[in-house]
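Here is the structure we will look at, set down as structure tokens.
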Amino acid sequence: MQLTSNSDKITRDYFDSLLIETRYLDAELPSTEMTLFGEVFRTPIMTAALSHLHNSARNGMVIYARAAALSGAVHWVGMGSDQELEDIVATGARTIKIIKPHADNREVFRKIDHAVKVGCMAVGMDIDHAFNSEGGYDNVFGLPMKAKSTEELTDFVQAAGVPFIAKGVLSPHDAERCMKAGCAGMVVSHHHGMIQYAVPPLMALPDILSVTGGEIPVFVDCGIESGMDAYKCLALGAKAVSVGRHLMPLLKEGEDAVSIRINEMTAELAGIMARTGIPALDKMDSTVIHRRNF
């Protein structure tokens, strides 16, 4: 694989370097049903924690949520107003709210409290959105950010009262600290190439799973475009995957178009599961994956 500084391309190349063996004998029709935090979903293909989709479609964030609800998928949401989050939850989509690492922790606690009160099934934080590219703290739409300590993360986890998920974990270093803080899940992600030469999330996944030891679900984000991409993540130990930019062009066509694509990806996943002898998500087997070396 020839590396460039483009982390998204590196991620795509890594996906494409993984090959699949088939296992037909004694195979059966598969189920893509997933249980997460005590709730059952039709697919492990989730929406990603996007924000500001009004640039893609009018009322884009709500359209995105409706699509997840139609597909029986977990819905994730990033930045936005309190009213927008209430409108999203009102669609019936089972929603996970991801909060930025605001410099003022009072705003973090306020957003956690609001998300829980309106009915989000879980909350979390973009731990990777603290710094800008020049070595200072980030500022997102005029809102100052700041890196959080393990102790601060522990306070957020304890304040939530619902599962708290750390998004942007890309190393055993951070995974260990998230486990210490009591996080109920992690999203392995480089935030769409936030840093050049970032390790592909799928490459980082095995080392992170060695830290979590199966105690909490680990999700994979970035560059997932098909049921095959999802399969590779799940086979290597991810609980579920998030799809964002691949779905964004469909938003202008409405929630049905987005839902159709989620359903198509789920069907693609089921097709590969059938051809590799995997009857259910909890029966995934990493030994079907081979790294291309030719």
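Some points to look at:
- Computed [θ] at 222 nm, helices only, for the chain once each DSSP H run of length n ≥ 4 contributes -39500 (n - 2.57): -11500 deg cm²/dmol
- Estimated at the nearest 10 Å², the accessible area of ARG42 is 130 Å² with a 1.4 Å probe.
- DSSP-defined beta bridges in the chain - what % are antiparallel, rounded to 5: 30
- Distant-in-sequence amide contacts of LEU36, defined by a placed amide H-H separation under 5 Å and a gap of 5 or more residues or a different chain, comprise PHE41.
- Close amide H partners of PHE131, meaning residues 5 or more places away or on another chain with modelled amide H under 5 Å apart, are ASP138.
- In Å², nearest 10: area of PHE109 left accessible to a 1.4 Å probe: 80
- Note on region 194-294: with charges restricted to the Cβ of Lys and Arg (+1) and Asp and Glu (-1), its dipole about the Cα centre is near 320 debye.
- Only lysine pairs 8 or more places apart or on separate chains count here, and in the chain those with Cα atoms under 13 Å apart total 9.
- Long-range amide H partners of LEU19 with built H, under 5 Å: HIS290, ARG291, ARG292
- For region 42-99 versus region 255-290, the gap between their alpha-carbon centres in whole angstrom: 22
- Volume per residue that the Cα convex hull of the chain spans, once the total is divided by residue count, Å³: 127
- Relative contact order (%) - criterion: Cα under 8 Å, at least six apart; region: region 173-294: 22
- Mean Cα-pair separation over length for the chain, i.e. relative contact order, pairs under 8 Å, 6 or more apart, %: 25
- Gyration tensor verdict on region 125-207 (Cα atoms; rounded if a/c is under 1.5, prolate if a/b is larger than b/c, oblate otherwise): oblate
The values are calculated or read from the model by the stated rules, or taken from the named source; none is laboratory data. Because the structure is predicted, anything quoted here is derived from the model rather than measured. No Cβ is skipped: glycine too gets one built from the backbone with ideal geometry, and neighbour counts run over all protein chains shown. Accessible surface is based on the protein model in full, side chains and every heavy atom, while ligands, DNA and RNA are left aside. Shrake-Rupley method; radii C 1.70, N 1.55, O 1.52, S 1.80 Å.
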